[in-house]
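Working notes, structure below.
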Amino acid sequence: MNLKPGVEEKIKRIRVLILDVDGVLTDGSIWLGKTEELKRFDVHDGAGIKYLIRSGIQVAIISGRTSDAVTLRAQELGIKECLQGCHKKLPAFLSLIERLGEPEDAVAFMGDDLTDLPLFNHCGLGIAPQDAVSEVKDRANLVATRPGGHGVVREVAEIILKVQGKWESLLEAYLAQ
């Protein structure tokens, strides 16, 4: 794990990870039928989210779009805060972290496009998938090696849990079964 100087200290403070959806939890594809919208989610990302929650890190979603598929996926994973239809994400973000009682430096946010940039100015750790637009990658504290929708959340979950010293106990719990 090769982290930029100072990033490890930022990761140690993280207690909340907030995720964009399209381009982060999905590869950005949207499949539209006559009556429904379909999205493809990576099972490894789901596992990473569950590992974070089990380890005491809250996970939330803020998306500009609204989709029943996202609501269902959030429920399946135990994500309690799933904010959709947030065309301007910053007010929703600031309201959420205030409601959670967390300071900005305890919050990580992962986004991939220009609409996510304002949130990078109000979080302790800005994260971008490998295939994010260049303006987002340039401003991120951490750029993942995986693209959105293909295990990027799992990659970031492992980094956070390893830096915070929580990975080994999680692994031990599975080995003991």
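Coordinate-derived values only; no laboratory data. Owing to the predicted nature of the structure, the values given are computational and were not obtained by experimental measurement. Cβ placement follows ideal geometry from the backbone for every residue including glycine, while neighbour counts extend to all protein chains displayed.
Data overview
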quantity: Of Lys4/Lys39; Lys4/Lys50; Lys12/Lys89; Lys12/Lys80, pairs whose Cα-Cα distance is over 31 Å; calculated: Lys4/Lys39
quantity: Fully extended contour minus Cα-Cα distance, from Leu3 to Leu72, at 0.36 nm per residue; calculated: 21.5 nm
quantity: Residues Arg54, Arg15, Arg99, sorted so that the one with the fewest Cβ neighbours within 10 Å comes first; calculated: Arg99, Arg54, Arg15
quantity: Residue order, fewest to most beta carbons within 10 Å, for Cys123, Cys86; calculated: Cys86, Cys123
quantity: Interchain or long-range residues, amide H under 5 Å from Asp27's placed H; calculated: Arg40
quantity: Label-point separation in nm, Ser169 to Lys80, each point 7 Å along Cα→Cβ; calculated: 2.0 nm
quantity: For Val143, Val107, Val152, order by how many other beta-carbon atoms lie within 10 Å, fewest first; calculated: Val143, Val107, Val152
quantity: At 1.567 mPa s and 4 °C, Stokes diffusion of the chain via Kirkwood alpha-carbon radius, µm² per second; calculated: 80 µm²/s
quantity: Rg/Rg_globular for segment 129-177, with Rg_globular taken as 2.2 N^0.38 Å and Rg from C-alpha atoms; calculated: 1.42
quantity: Whole-Å semi-axes of segment 1-90's equivalent ellipsoid (Cα gyration tensor); calculated: 26, 14, 13
